[in-house]
Amino acid sequence: MFHKILVAIDGSDDSHAVFKTALDIAKVDLANLLILHVLSFEEQNSESIPMFTGLEYFQAADSQTLEIDRKRWQTYEQQSLDLLKSLVDRATAAGTIAEFHQISGGPGRKICEFAESEEVDLIVMGRRGLSGVNEFLVGSVSNYVLHRAPCSVLIDKKRSS
């Protein structure tokens, strides 16, 4: 029986299906649900910081460009917060105690650290479906968590929500 379930979402369409899986388990076990989003440049939907090299850096890194990038990041951050709040509302409406957290950093490491600090019993998360060379080059958050988490991990494969 689980008491604290962490659902890690990334803002993709598949996050809703992963959330539903975690919510279904939480309702059966009467567990608390912790909804986590890790702000990261690795996320598909995130804003990226432009990589400057050489002389291009000095030409492109003016204050106007930096301000545009800062505003894009704030928009990404706010959209993620809005999603988290809506998921907490869904969980609450279903009779489950839920809270959300948004942190920045490397997703795999942050998910594991958060799970340990909150004494989570189960992590529910999705996967991007990378394999072969892509998984080797980009890395796999789900693979990282599966091998380093301080608790049980449920990887919910991609599916239609």
- Note on the structure: Footprinting proxy, Phe41, Phe19: sorted fewest to most Cβ within 10 Å, the residues are Phe41, Phe19
- Cut-off under 5 Å, modelled amide H: who pairs with Val153 long-range: Ile123
- Return the subset of Lys4/Lys85; Lys20/Lys71; Lys27/Lys71 for which the Cα-Cα distance in this structure is over 27 Å, preserving the input order. Lys20/Lys71; Lys27/Lys71
- Item | Ascending count of other beta-carbon atoms within 10 Å, so fewest first, for Lys4, Lys71 | Lys71, Lys4
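Can you sort Ser140, Ser152 from fewest to most other Cβ atoms within 10 Å of each residue's own Cβ?
Details: Ser140 18, Ser152 13.
Fewest-to-most ranking of Ser140, Ser152: Ser152, Ser140.
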- Query: For Arg148 and Leu81 in one chain, what is 0.36 nm times their gap in residues minus the Cα-Cα distance, to one decimal in nm?
  - Reply: 21.5 nm
- Sites Val28 and Ser104 - FRET efficiency at Förster radius 30 Å, r taken between beta-carbons, to 0.05: 0.40
- For Phe100, other-chain or 5+-apart residues with amide H closer than 5 Å (H placed, Pro excluded) are Ile35
- Message: What FRET efficiency comes out for Gln64 versus Ile97 if R0 is 35 angstrom and r is the Cβ-Cβ distance? Round to the nearest 0.05.
- Response: 0.15
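Read the figures in this text as sums done on the coordinates, not as results from a lab. As the structure is a prediction and not an experimental result, all values here were calculated from the model. Note: ideal-geometry Cβ built from the backbone for every residue, glycine included; neighbour counts use all protein chains shown.
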